[in-house]
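Worksheet for the structure shown next.
Every read-out reported here was derived from the displayed coordinates using simple, explicitly stated rules and does not represent laboratory data. Predicted, not measured: the structure shown is a model, and the values here were computed from it. Every residue, glycine among them, receives a Cβ derived from its backbone with ideal geometry; neighbour counts consider all protein chains shown.
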Amino acid sequence: MTEVPAENELAVDALESPVVDKHMICASCDIACPVVAKVRDGRVIRIRSSYKPSLRENICVKGIYAHKGFENPARITHPLKRVGERGSGKWQQVTWEDALDDIAQRLTRVVDRYGPEALAVATSEWNTSVDNGAGRRFMNLLGSPNWISGVALCAGNTAAINRMVYGWFPNPDFGKTDCIVLFGHNPKKHSWTPVYNKIRKAQARGAKLIVMDPRRSENAELADVWLPLRAGTDAAMAFGWLNVIIEEELYDRAFVDTWTVGFDALKQRAAEYPLERVAAITGVDAQLIRQAARMYAQAKSAIIPWTPITDQQLNSTSAIRLQCTLRALTGNIDVPGGELLQGFNPDIVSQSELELHESLSDTQKAKQLGADTHPAFTYRGMAALGEPTARVWGREYANLMTGCYMANPLATFKAMADGVPYPVKAFISLGNNTMMGLANLQTIYRAMMNQDLIVVHEHVKTPTAQLADYILPGDSWLERPLMYEAFGWTATVAVTDKAIEPPGECRSVYTFWHDLAARMGLGASFPWATLEDVYDYRLRKLGVSFREFVATRQFHAPAPQYRKYETTGFATPSGKVELYSSVLESLNFDPLPYYREAPGSSASFPLMLFMGVRDDPFFQTGQRHIPELRRLCPEPKTYLHADDARSAGIEEGEWIELETASGKVRARAEIRDDMPRGLVRIPHGWWLPESQEGKENLSGAWVFSDAMVTSDDEAYMDREQGIPHLKGLPCRILKVDKASATKLVVPQLNRTGAGA
Ligand SMILES: Nc1nc2c(c(=O)[nH]1)N[C@H]1C(S)=C(S)[C@@H](COP(=O)(O)OP(=O)(O)OC[C@H]3O[C@@H](n4cnc5c(=O)[nH]c(N)nc54)[C@H](O)[C@@H]3O)O[C@H]1N2
Ligand SMILES: Nc1nc2c(c(=O)[nH]1)N[C@H]1C(S)=C(S)[C@@H](COP(=O)(O)OP(=O)(O)OC[C@H]3O[C@@H](n4cnc5c(=O)[nH]c(N)nc54)[C@H](O)[C@@H]3O)O[C@H]1N2
Ligand code: SF4
Ligand SMILES: [Mo]
């Protein structure tokens, strides 16, 4: 585990000017810890955890060193315009005015020639939050449905599927629960620290912990039951649990009778997966599965917190629905200690409302890329939920986790690359390292090289930024005021002021959309000049301004209300929990969950890989330019079992090349006894900011990015959502010989991470 620096290393010289505490919400990952930034002379000199005793443990190494990243010389602080050919690495500093004028003109040309759907936008959760829906608003008014995000492989797609079953994305009540089930999810001391702490606190007061993980993970070590399942078989495992719960009548009959539809059909489907079959598929002993299912169902209350593991498999839709089904069958929905459906915060203007989805015409919505083949999280997939959502939650559009109403990313890249089914010729990427975060890099590269206009809003020259026409300098979470609404999920609202001014000409994504809208004839729909003006508008129902709110309250959350469905019903077409999905049926998919096997290992590809296990010091593809963090993890590492290393003639610490049918990636071998035989771990998000920029090298992304080995073959894709399978891909490993290893960019790296 990563060591956090001792307090004295960060000590502040008391003789200098006064230090002011600024209460902030950390956005160096997506879990939003309240932290304190210590500011002196307009600079953040230290970041520490909140003073509140209940929040004191909630900080990780990425939060502690965030300001080092924002002050790093790699930070882009002025708009840059490409002057050589695309990807040549030649840039010229320009003014914001010139950049925005030119972007608006070029975008107008694309729209005039190909239609507004020829603009695609990629973004991260945080940037959608910071823009307060302005990006979606801009696109909806312009007429483009082609919005994509990394959350298609994270909580975004989960939120969309949860809505199909019971109308909202539930929030687990860690504080009161008696049992926690982790489908692979493995929060650590430096990965989603608050969730790690909540799990530990729950265990300390007696809650049970059940972990499914092929690897003996940190949480598996601490679990009451660990189910070491084969990668990618989570849906089958959930069927095993269902069978036990149904056979042994451990379900909440009253809830099932009154509040669900399709129980009998589900029962029949579950019977196709008897425990012996599930044991054979998952590789876990049937008795152990039974024990875990009983523990879950017999707990007074239980939660299955959201997990990205089931967001990133070819059975994602089914696995997520089965988790929803388990919650419903055990009566754990909207009850204390269970999972709460919280709805919109009634006191603020929601981001969904600001996004103006109703302004996009049905004709343009129908053009959303991927909606015909993989519709689950597109407008088409969500359409049947509009009326029920308005009935229960008061508004037709609920863009939870910013992941509902997305275009399909892979379909979008194909349209960008090949013009099929129509050309997409302008691409804007905001705080999203698209090249490396949406699988697969080779296709995305072709997509990027075929654009008339690429704009990237960033902190550093990521591989994505390296292919742009314009790189625009983004502000950071220390440098902007924030109103945080948990990505539309929990009805909690928090606000913070900025700690310091942004360096150079860094600006927020909101300002970008506002200023672009003004140049594209959409200015009247963006009447708020600054973020603070937007927040004033959003808070107006509370009768306070942003300034007053930030000075007095910081948080606003309505008191939880349980079993709201008893008065409103669920926000689904039937008003009940749809175990049998009318929505999927109307989209011509199997209305019941199922399990599908991915093509397995073969003579050429005898091992299996998964992408995941977050590296403590980095968030996703970021932070590798920060020496203080990089020294904690200088290079990408695989994990593998000693027997697999031996068979391939590989020793601890050697560079290996891992190959799938799609491509190759390199990493150093780490032999670990927590890995099962036959499975190899590939870390997500590696590139080497210190190495050569430009399309030939992409700062090492061609060699080290996990997006090189992901597959966009339908055989490895979730049918309903069209997202790629990252948990169980056949592969082989080869030792990288010394001669070829010296050609690697990586050995030039010195141990401080600063590069040679
Ligand atoms: N191949 C593969 N793809 C994946 C995953 C995987 O494991 N493998 N994981 C998926 C998951 S779980 C997630 S959540 C998504 C994450 O997807 P994203 O959240 O989009 O994460 P990144 O792709 O790392 O891009 C974040 C970028 O934002 C920049 N940035 C950070 N803060 C700011 C800011 O304030 N302003 C601006 N303008 N830029 C900023 C950083 O420098 C970084 O380059 O990716 C998904 N994609
Ligand atoms: N330091 C740090 N923390 C982070 C992030 C980061 O980038 N860096 N990213 C944040 C984000 S956006 C996310 S989504 C979360 C992700 O964090 P987690 O949900 O914890 O996901 P991972 O760390 O990818 O993998 C967790 C476990 O899944 C297991 N696993 C692999 N394949 C399977 C499978 O098929 N089934 C099951 N059941 N288990 C499997 C792995 O062995 C591993 O122990 O982390 C968050 N926290
Ligand atoms: S876990 Fe770390 S990076 Fe994430 S919000 Fe908390 S302090 Fe920031
Ligand atoms: Mo994520």
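Each helix, a run of at least 4 DSSP H residues, gives -39500 (n - 2.57); summed and divided by the residues of the chain, these come to -8000 deg cm²/dmol at 222 nm. Going by neighbour counts of Cβ atoms within 10 Å, the residues H625, H23 line up, fewest first, as H23, H625. Rounded to the nearest 20, the Cβ-based charge dipole of the range 587-643 about its Cα centre (Lys and Arg +1, Asp and Glu -1) stands at 200 debye. Each Lys and Arg adds +1 at its Cβ and each Asp and Glu adds -1 at its Cβ; summed about the Cα centre, the range 607-740 shows a dipole of about 160 debye. Using a simple spin-label model with pseudo-atoms 7 Å out from Cα toward Cβ, Q298 and E505 lie 6.7 nm apart. Charge dipole of the chain (Cα centre as origin; +1 on each Lys and Arg Cβ, -1 on each Asp and Glu Cβ, all else neutral): 580 debye, rounded to the nearest 20. Note on A603 and E248: the model spin-label points, each 7 Å out from Cα along the C-beta direction, lie 4.5 nm apart. The range 476-514 and the range 60-102 have Cα centres spaced 18 Å apart. Relative protection proxy for 60-69, 220-229, from highest mean packing down: 60-69, 220-229 (other beta-carbon atoms within 10 angstrom). Each of A371, G381, L314 was scored by the projection of its Cα onto the charge dipole of the chain, and the greatest displacement toward the positive side belongs to L314; charges sit on the C-beta of Lys, Arg, Asp and Glu. With a ≥ b ≥ c the root eigenvalues of the C-alpha gyration tensor of the chain, is it rounded (a/c under 1.5), prolate (a/b larger than b/c) or oblate? The shape class here is rounded.
Sorting V534, V613 by the number of Cβ atoms found within 10 Å of their own Cβ, with the fewest placed first, yields V613, V534. When the chain is described by a simple charge dipole with +1 on each Lys and Arg Cβ and -1 on each Asp and Glu Cβ, the residue from A669, Y422, I245 located farthest towards its positive end is A669. Every Cα-Cα pair in the range 643-711 was counted, and those over 15 Å apart are 57% of them.
Membrane-span-like helices in the chain, defined here as complete DSSP H runs extending at least 15 Å along the helix axis by their C-alpha atoms with mean Kyte-Doolittle hydropathy no lower than 0.0, are 155-166, 234-247, 316-329, 509-519; this is a sequence and geometry rule, not a statement about a membrane. Both the radius of gyration and Dmax for the range 607-740 are 14.8, 45 Å, in that order, over alpha-carbon atoms.
Based on alpha-carbon atoms, the Kirkwood radius and the radius of gyration of the range 557-610 give Rg/Rh equal to 1.30. In terms of packing, defined here as the mean over residues of other Cβ atoms within 10 angstrom, the peptides 635-644, 267-276 line up highest first as 635-644, 267-276. Packing, taken as the mean count of other beta carbons within 10 Å per residue, orders the peptides 285-294, 346-355, 130-139 from highest to lowest as 130-139, 346-355, 285-294. Of the residues P724, I650, T660, the one whose Cα sits farthest towards the positive end of the charge dipole of the range 607-740 is I650 (charges of +1 on Lys and Arg Cβ, -1 on Asp and Glu Cβ, taken about the Cα centre).
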